Amino acid sequence: MSRDGRRLGLRRNWRGNVSSVVPEKVGVVGGGRMGAGIAQVFAATGAKVSVVEGDTASADAAFERIRSGLNRAAERGKLDVPVEEVLARVEIITDPESLPGDAGLVVEAVPERADVKVAVLTAVERVVGQDTVLATNTSSLSIAELAAALSRPQRFLGMHFFNPVPASRLVEVVTGPETAEGAREDVLGWVGALGKTAVTVRDSPGFATSRLGVLLGLEAIRMLEEGVADAESIDTAMELGYRHPMGPLRSTDLVGLDVRLAIAEYLHRTLGERFAPPRLLRDKVGRGELGRKTGQGFHRWE
């Protein structure tokens, strides 16, 4: 293993694949659906994972999300080691100051608000070492603007995971203007070690995936608003006609209508009128119809 590998605390993954390594220690700030999924995949690949949640109730919920995700993976034959063995590599903490200073990677997975993310990232940067790679799971916010608050922007970039993290094969790696090539290469290697595929994009509003995905989703909402077709028909048309694994309205339900609205508002401000959120989306968010997490969005969820 290279000197850089020793410095970052890298290790072979649990399958023993010599060419695939993950950080020995990983931090994840935020134990919601995305954060729990990120923690799960790193722990299943051999890393010791510290998940930060703000209070005991949230910490317990995060641990149960990880346990449930691992149980589902085991039931589908996607986990080759006992669930409890993986869970033994996961700890839940309630303060970023308790993160291991020698973590190779810390991923921020808190709500899609720049002020919240900056507060988390700056707190983490004060705790971890000079060589730690700090990543944000943002799906649209500017990497450069977040990096402006950091003292080591060269060790910072975007790692945009997709929901559900364990099943999704893609990670969008977003480089800022000051991201060091070494940090990008480290992250690309770690994504490969997780069994996922990375695409690298330059920092730009919405990156590649959110910019295209949100635009399609907003147009589908406008079509529903105009009575062109019902939600099931619109989704089925894209799934069968264009081989999308999930239609744009069902995908919006999965992401969360509130999350999609926040991204659309940001893209509207930065890229123009084509990203203006439809009234139907605003109305549904106002009524608390946020998609799968509330049981009702453009579809009903059990």
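The values are calculated or read from the model by the stated rules, or taken from the named source; none is laboratory data. It should be emphasised that the depicted structure is a prediction, and the values quoted were computed from it without experimental measurement. Glycine also receives a Cβ, built like all others from the backbone with ideal geometry; neighbour counts cover every protein chain displayed. The protein model used for the area step is the full one, side chains on, heavy atoms only, and it has no ligands, DNA or RNA in it. Shrake-Rupley method; radii C 1.70, N 1.55, O 1.52, S 1.80 Å.
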message: Against the definition (more than 27 Å from GLY256 (Cα to Cα), surrounded by fewer than 20 Cβ atoms within 10 Å (Cβ to Cβ) and in contact with a Lys or Arg (Cβ under 8 Å, 6 or more places away or on another chain)), how does ALA180 come out, yes or no?
response: yes
message: It is to be established whether one or more residues within the stretch 70-87 are within 22 Å of ARG155 (Cβ to Cβ), of a type outside the set (Asp, Glu) and open to solvent by less than 90 Å² (accessible area, probe 1.4 Å).
response: no
query: Which ones in the stretch 5-59 are open to solvent by 70 Å² or more (accessible area, probe 1.4 Å), at pLDDT below 95 and within 14 Å of ASP102 (Cβ to Cβ)?
result: ARG6, ARG7, ARG11
- line: Checked pairs for the stretch 71-87, first within 17 Å of LEU194 (Cβ to Cβ), second small (Gly, Ala, Ser) and open to solvent by less than 100 Å² (accessible area, probe 1.4 Å), C-beta under 8 Å and 6 or more apart or across chains, list as ALA73/ALA44; LEU79/ALA44; LEU79/ALA73; VAL81/ALA44; VAL86/ALA43; VAL86/ALA44
- request: May I ask you to verify whether VAL171 is in contact (Cβ under 8 Å) with a residue 12 or more places away in the chain and within 11 Å of the chain's Cα centre (by Cα)?
  value: yes
message: For the condition in contact with a helix residue (DSSP H, G or I) (Cβ under 8 Å, 6 or more places away or on another chain), of a type in the set (Phe, Trp, Tyr) and touching a residue at least 60 places away in the same chain (Cβ under 8 Å), what is the one hit in PHE161, PHE156?
response: PHE161
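If you take just the strands (runs of 3 or more DSSP E) that sit entirely in the stretch 154-205, which of them hold at least 1 residues that are over 22 Å from GLY77 (Cα atoms), in contact with a strand residue (DSSP E or B) (Cβ under 9 Å, 6 or more places away or on another chain) and charged (D, E, K, R)? Spell out how you get there, then give the answer.
Working: elements: 156-161, 170-175, 197-202.
Here the list reads 170-175, 197-202.
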statement: Out of (1) among the small types (Gly, Ala, Ser); (2) closer than 21 Å to PRO111 by Cβ; (3) within 16 Å of the chain's Cα centre (by Cα), the one ALA61 does not meet is (3)
- prompt: On the given criteria, is ALA103 assigned to a loop (DSSP other than H, G, I, E, B), of a type outside the set (Ser, Thr, Tyr), in contact with a Ser or Thr (Cβ under 6 Å, 6 or more places away or on another chain) and crowded, with 20+ Cβ neighbours inside 10 Å?
  reply: yes
Within the stretch 283-302, tally of residues that are of a type in the set (D, E, K, R) and surrounded by 14 or more Cβ atoms within 10 Å (Cβ to Cβ): 4
All positions within the stretch 111-152 that are under 25 Å from GLY46 (Cβ atoms), open to solvent by less than 40 Å² (accessible area, probe 1.4 Å) and either of a type in the set (D, E, K, R) or within 18 Å of the chain's Cα centre (by Cα) (or both): VAL124, VAL133, LEU134, ALA135, THR136, ASN137
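Would you confirm whether any residue within the stretch 252-268 is more than 25 Å from LEU170 (Cα to Cα) and modelled with pLDDT of 95 or more?
Taking the stretch 252-268 as the starting set, the residues that turn out to be more than 25 Å from LEU170 (Cα to Cα) are 268.
Right, trim to modelled with pLDDT of 95 or more and you get 268.
The answer is yes; a qualifying residue exists.
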- line: Among (1) touching a Phe, Trp or Tyr at 6+ places or on another chain (Cβ under 8 Å); (2) assigned to a loop (DSSP other than H, G, I, E, B), GLN130 falls short only on (1)
